[in-house]
Amino acid sequence: MKFAKLILLLLTLQLAGAQELLTLPGDSPLIDVRVQFEVGSIDDPEGKEGLTCLTALSLSEAGTEKKSYQDLLATFYPWAVSVDTTVGKEMVTFSATVHRDHLDEFKEVFTEMLTEPTFSQKDLDRLREKARNYLTQDLRVNNDEELGKETLYLQIYPRIHPYGHHNFGTVSGLEAVTTDDLRTHYRSYFRPERMTIGLAGGYPQEFPKELAAGLSVGLASAVELPSRPSISQPASPDGRRFTIVEKDTRSVAMSLGFPIEVNRSHPDWAALFLFRSFFGEHRSSTSHLYQRLREARGLNYGDYAYIEYFPNGMYLTQPEPNYPRSQQIFQIWIRPVQPETALFTLRATFFELEKVLREGLTEQQFEATRSYLKKNAPLLVASGSRELGYALDSKFYGSDPFVERLRNDLDKLTVDEVNRALRKHLQADNIEIVLVSKDATQLREELTAQRPSPMEYNSPKPQEILEEDNVIQSYPLKLGEIRIVPVNELFR
Amino acid sequence: MDVKGLLRTEQAEGFLAPESVSMLTMKMLKLGLLLLFLSTLSGAESLLPPGAQTKVLENGLKVVVVPTDTKDLVALQIVMAVGSRNEVEEGKSGFAHFFEHLMFRGTKRYPPEQAEEMLKAAGVSSNAWTWDDQTVYHKVFLKEDLEAILDYEADRFMNLEYQEPEFRTEALAVLGEYNKNSANPTEKMYEVLQDTAFDVHTYEHTTMGFLEDIEQYPEGYDYSWTFFDRFYRPEYATLLMVGDLEPENAFQVVEQYFGAWQPGSYKAELPVEPEQTEPRKAHIDWESSTLPWVMVGYKAPPYSALDDTAAMQVWESLAFSQTGSLYQELVLEEQIVDEFQPFFFLKKDVFLVGLAVRLTDPSKLDEVEDRVIRAFESTKELEITSQRLEDVKSRIRYSFLQGLDSPASIASNLAFMLSLEPSLESIDDFYAAISRVTTDQLSEVAGSYFRPQGRTVVTLKSKES
C-alpha cells in the first residue's frame with residue numbers, strides 16, 4: 001500500500017537540461033507525479049492577467065497536437081487518472097496519481113500533454129469561460145467567505161504589485177488573451193530550466209530519468225529566459241481600512257489582515273506558526289478565537305487565523321501544498337455572522353487580538369499548542385501525494401522536510417520567543433478589514449456612529465462573559481477609511 | 001486552476017468542525033464510495049483490506065478492525081445509523097445534524113475545556129458529519145493515545161451532559177452554518193428538489209433542515225434528550241478502526257470502554273412515500289445575479305435493491321462521466337454549460353439520481369432542460385458497448401486502489417458503506433453485484449427508472465434577468 005512507505009529517501013538531483021528531480025521512492029503501487037514550473041500569476045503581462053492560468057490549463061485540460069481533449073479523457077478514464085493544476089502566485093504545479101499498471105502509457109500521454117499542446121481557439125474559449133466564471137460566479141455569487149478572503153488580498157496588494165490580481169487573472173485580462181499569447185507564454189516559461197519533477201511511490205528505477213528526458217527534450221526552448229518581477233513587501237495599511245463588499249446576502253462575512261515579512265524560510269516562522277495554531281487553528285474547536293466567539297457566544301460557525309495563503313478553506317481540513325509565496329499575510333477569518341451581531345463580533349475580534357498581543361501566550365498555552373503541533377504534523381503528510389507536495393514547498397523555501405523541520409524548530413522554541421515574535425511581526429492598528437454585507441451604507445453608518453453594540457443572548461451567560469461583553473460592546477474600533485465596493489466591481 | 005477551486009466538490013476529504021452534509025459536498029463521499037469498488041470486479045475475491053475483522057459485542061455494538069502497516073497512525077470512525085431520514089416529527093428537520101454538534105458539549109468526566117485539552121495534547125484531528133441515513137464521528141491520531149481517545153468517546157456516547165444555556169448557544173452555531181452555505185444557489189436547489197420530489201418521506205428535507213425549524217432549535221432542549229435516548233444506543237452504532245492495530249487486542253480495548261453501553265428499543269416509524277405518478281417541476285427566482293442552473297432528478301432504487309442499485313451506479317458513471325456524450329456536447333463542443341454535476345447516492349430508501357448543470361448562455365435554459373431530460377429518458381435505447389462497460393469497471397477498480405493511500409481514507413470509505421448495512425459481507429455483496437452488471441441490465445434499469453412520472457426538475461434564474 002501507498003502509505004507503507006518504509007524508506008523515506010529524499011533525493012534532489014541536478015540533471016542535464018538543468019531541471020531538477022525530487023524523489024521519494026517507496027514500495028507503493030501508486031505513483032504520485034508532480035511537475036512544477038517556476039511561473040505564476042506574477043508573470044502575467046499587464047492587461048493579460050490570467051495568461052499563466054490559461055496557459056497551464058491549456059496543458060492539463062485541453063488537446064495536444066495528436067489528441068483532442070476528448071481523446072485524452074477517454075484514455076485516462078479506465079485508469080481513473082486526472083491531471084490537476086495548481087496555479088499560484090509564483091509556481092504552477094501539475095499533479096497526478098497513477099497505478100503502476102499504467103505508468104509507462106501515462107508517461108507517454110502526460111509528456112505529450114506538457115510538450116505538444118495545440119492551443120486551439122475552441123479549448124481557449126472553454127477554459128477562459130471556466131476561469132471567468134470562477135471569478136464572476138464562484139467568488140462573486142456563490143461563496144461570501146472565499147470572496148472576502150480574496151478581496152482582502154487585493155486590498156493588501158495594490159494592482160501594481162505582482163501579487164495585485166487573483167491567481168486566475170481578471171475578467172478583462174482573461175478576455176484579452178489570444179492563442180498566440182498562450183504559445184509565447186508557454187515557450188518563455190514552461191521549460192526545463194524552470195521545471196522540477198517530483199515523484200513518490202514504487203516506480204521503476206529508470207522511470208524518473210526517462211520522464212525527465214522526455215520532458216526536457218520536448219520543452220527545450222530557444223527563447224530568451226524572461227526575468228521575473230521582484231516581489232517586495234507591500235506597505236502596511238495606514239490605520240484600520242475597511243472595505244465593505246456589497247451584495248445580496250443573509251449574513252456578514254469577515255476577513256482581516258496585513259502583510260508580514262515571515263514565510264517558511266524566516267527564522268520566526270515556527271514561532272508564528274505556533275501562535276496562529278493557538279489563536280485560530282484551521283477548523284479546530286480547540287483554538288482561542290473559536291472558543292471565545294463561537295463556543296462561548298454562538299456568534300457564528302468558526303473563527304480562524306493564518307500566516308500562509310490557504311484557498312478553499314471551507315472545503316478542506318488541511319492546507320493544499322504547492323502555493324509557495326515569498327510574501328505572506330497574517331489573516332483572521334471570521335465566518336458569517338448575523339447582521340445584528342456584526343459590530344459586536346468585529347469588536348470582539350479586535351479585543352482578542354489586542355489582548356493576546358499585550359499579554360502573550362502563557363507557558364501552559366504554549367506547551368499545549370506545541371504538543372498538538374508535534375503530534376499533528378505527521379497527519380499533514382499522511383499520503384504520498386501530500387508528502388511530495390510538501391517536499392516541493394520545502395525546496396522552494398530552502399528548508400528541511402516539513403515534519404522534521406517543524407519538530408526541530410518546536411523543540412528549540414520557548415514561550416518567550418513566541419511572544420517576542422508575535423509582538424515583532426503582528427499588530428492590530430494597521431490592518432485591512434473586508435466585510436461582505438447586504439446593506440453596505442447602513443453598515444458604514446453603524447461603524448461610524450461608534451455607538452455601543454451590546455449583545456443579547458438567547459440564554460443566561462456566565463458573569464465572566466457578561467463583564468467582558470461590557471468592555472467589548474464599546475471597544476474602540478479605531479476607524480480609518482471606509483470604502484464600499486459593489487461586488488460586480490471586483491476582479492474586473 | 002487552482003483549478004482545485006473549480007473542482008471543490010471532488011476534493012474535500014472530511015470536515016473538522018461538526019458539519020451537515022449537503023448533496024453537493026457529498027460528491028466527495030460518492031467518490032469515496034467509488035474508491036471502494038471491487039478491485040476484482042470480474043472475480044469473486046473480496047475487496048476488503050486483508051485482515052479486516054468484525055465482532056459484535058453483547059450490547060449489540062458492532063466493532064470492525066482493519067489492520068494496516070502504517071506505523072503509529074490510527075483512524076477511528078463511530079458510525080451512527082441515524083440521520084435526517086429519522087426526523088419524522090413536525091418541526092424537527094435537521095435535528096440529527098444539530099445533535100451531532102451537541103455530541104461535542106462534553107460530559108461530567110470530560111467537561112468541554114478538559115476534552116479540548118486532552119484532544120489538543122494528543123494532536124488529534126477530529127470531526128463529524130451528518131447526512132440522510134447516518135452520522136459519523138471521526139478522528140485520526142497516534143496509536144499511543146488509543147486508550148485515552150476510546151475512554152473519551154465511550155464516555156460521551158454514554159454519558160453526554162450539557163445544560164440549556166450551552167444548548168441554546170450551540171443552536172446559534174447551526175444557524176451560522178446555514179448562513180455560510182446560503183450564498184450558494186445549488187444548496188437552495190437541492191433543498192427545493194427534495195421538497196418537490198417527496199411528499200411524506202423525510203427525504204423531503206435536506207440534512208441541514210428547513211430554516212424555520214433551525215430558528216426554533218433553541219426551544220428544543222428537552223427534545224434533544226429524547227433524541228439522545230432513542231438513537232445513541234449500541235444497536236445503532238458501528239465502531240470502525242483502521243491502522244496500526246492487532247484486531248484481538250483492539251476488540252478487547254473497545255469492549256473495556258464500550259461494554260457498559262446500554263441498548264435501547266426505539267425504532268422510528270418512517271412514512272412511506274407513495275409512488276410518484278407524474279412529472280414535477282419547481283423554479284427558484286434567485287435574488288442576486290447568477291448564471292442559471294437546471295437540476296433534473298429521477299426516483300432511484302434504494303440500497304437494498306442491490307442489483308438495480310449496482311446497475312444504476314454503473315449507468316450513472318457511464319452516461320454522465322466526462323467521456324459521456326452529454327458532457328462532451330454541452331461542455332466541450334457547444335460550451336453552453338460550464339458546471340456539470342451528476343449525482344447518485346446510495347440511500348436506505350428510494351432517493352434520487354440526476355444531474356445539475358450551470359448554463360453559460362441564459363437564453364438556452366429551456367433547450368438544455370430538454371436535452372438533459374432526453375439524455376435520461378432516451379437512454380433506454382442507448383447502445384452501451386461491452387468495451388464501455390469494461391472501461392467503467394476498470395475505472396472503478398483503479399479508483400478503489402487509489403483510495404488506499406492512508407488509514408483515514410480507508411476508514412471513511414468503509415464507514416459510509418457500514419452506515420448503510422453494518423456488515424463487511426454486505427460490502428462484498430454490493431461489489432459483486434457491480435461486477436455482474438451487464439449491458440442488458442443497464443437498459444432495463446434506465447427503462448424502468450427514467451420515465452416522466454419519476455422526474456422532478458428544478459430551475460434557478462436570477463430575479464433580475
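Yes/no per residue for (1) more than 10 Å from chain B (Cβ to nearest Cβ); (2) at pLDDT below 95; (3) crowded, with 21+ Cβ neighbours inside 10 Å:
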position	(1), (2), (3)
A:His266	yes, no, no
A:Phe275	yes, no, yes
A:Ser285	no, yes, yes
A:Asn300	no, no, yes
A:Ile307	yes, no, yes
A:Asn322	no, no, yes
A:Arg335	no, no, yes
A:Glu340	yes, no, no
A:Lys355	yes, no, no
Worksheet item: Restricting to strands (runs of 3 or more DSSP E) lying wholly in the range B:209-324: which have 1 or more residues that are within 30 Å of B:Lys71 (Cα to Cα)?
Response: B:237-243
Discussion item. Among the listed residues B:Tyr217, B:Tyr223, identify the single one that is modelled with pLDDT of 95 or more, farther than 30 Å from A:Tyr134 by Cβ and surrounded by 22 or more Cβ atoms within 10 Å (Cβ to Cβ).
Written reply: B:Tyr217
Practice prompt. Could you check, for the range A:335-349, whether at least one of its residues is more than 19 Å from the chain's Cα centre (by Cα) and over 30 Å from A:Ala449 (Cβ atoms)?
Written response: no
Discussion item. For the structure I just gave you, tell me whether B:Ser288 is among the small types (Gly, Ala, Ser) and within 14 Å of chain A (Cβ to nearest Cβ).
Written reply: yes
Worksheet item: Out of all the residues in the range B:297-314, is one or more touching a Ser or Thr at 6+ places or on another chain (Cβ under 6 Å), at pLDDT 95 or above and closer than 30 Å to B:Asp361 by Cβ?
Response: yes
Worksheet item: Is it the case that the range B:181-194 has a residue that's over 30 Å from A:Asn312 (Cα atoms) and in a helix (DSSP H, G or I)?
Response: no
Item to complete: Of the numbered conditions (1) more than 22 Å from the chain's Cα centre (by Cα); (2) surrounded by fewer than 23 Cβ atoms within 10 Å (Cβ to Cβ); (3) not assigned by TED's automatic domain parsing to the domain that holds A:Asp439, A:Ala235 fails exactly one; give the number of that condition.
Response: (1)
Worksheet item: Can you pull out the residues in the range A:245-257 that are in a strand (DSSP E or B) and surrounded by fewer than 22 Cβ atoms within 10 Å (Cβ to Cβ)?
Response: A:Glu246
Worksheet item: Considering B:Val79, B:Val66, which residue is over 20 Å from B:Asn127 (Cα atoms), in contact (Cβ under 8 Å) with a residue 24 or more places away in the chain, assigned to a strand (DSSP E or B) and not charged (D, E, K, R)?
Response: B:Val66
Worksheet item: So how many residues does the range A:20-44 have that are under 22 Å from A:Leu114 (Cα atoms) and not aliphatic (A, V, I, L, M)?
Response: 11
Discussion item. For the range A:447-463, which positions are buried (at least 16 other Cβ atoms within 10 Å of the Cβ) and either over 30 Å from B:Tyr162 (Cβ atoms) or among the hydrophobic types (A, V, I, L, M, F, W, C) (or both)?
Written reply: A:Leu447, A:Met455
Practice prompt. Output the residue which, of all residues in the range A:123-150 that are more than 9 Å from chain B (Cβ to nearest Cβ) and among the hydrophobic types (A, V, I, L, M, F, W, C), is surrounded by the most Cβ atoms within 10 Å (Cβ to Cβ).
Written response: A:Leu135
Worksheet item: How about the range B:352-444: which helices (runs of 4 or more DSSP H) wholly inside it have at least 2 residues that are within 12 Å of another protein chain (Cβ to nearest Cβ)?
Response: B:386-402, B:407-420
Fill in: Residue selected from the range A:132-149 under the condition out of contact with any strand residue (DSSP E or B) (no Cβ under 6 Å at 6 or more places or on another chain) and acidic (Asp, Glu), by the criterion farthest from A:Ser251 (Cα to Cα)
A:Asp138
Discussion item. Kindly evaluate B:Arg109 against the criterion of being within 18 Å of B:Leu239 (Cα to Cα) and either within 14 Å of chain A (Cβ to nearest Cβ) or more than 27 Å from the chain's Cα centre (by Cα) (or both).
Written reply: no
Practice prompt. Scan the range A:78-119 for residues that are facing chain B (nearest Cβ under 8 Å) and on the phi > 0 side of the Ramachandran plot and report the count.
Written response: 1
Worksheet item: Which of the residues spanning the range A:57-71 are within 10 Å of another protein chain (Cβ to nearest Cβ), in contact (Cβ under 8 Å) with a residue 40 or more places away in the chain and in a helix (DSSP H, G or I)?
Response: A:Leu57, A:Ser60, A:Tyr69
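The values are calculated or read from the model by the stated rules, or taken from the named source; none is laboratory data. Predicted model only: the values in this text are computed from it and were never measured. Cβ: placed from backbone, ideal geometry, glycine included. Neighbour counts: every protein chain shown.
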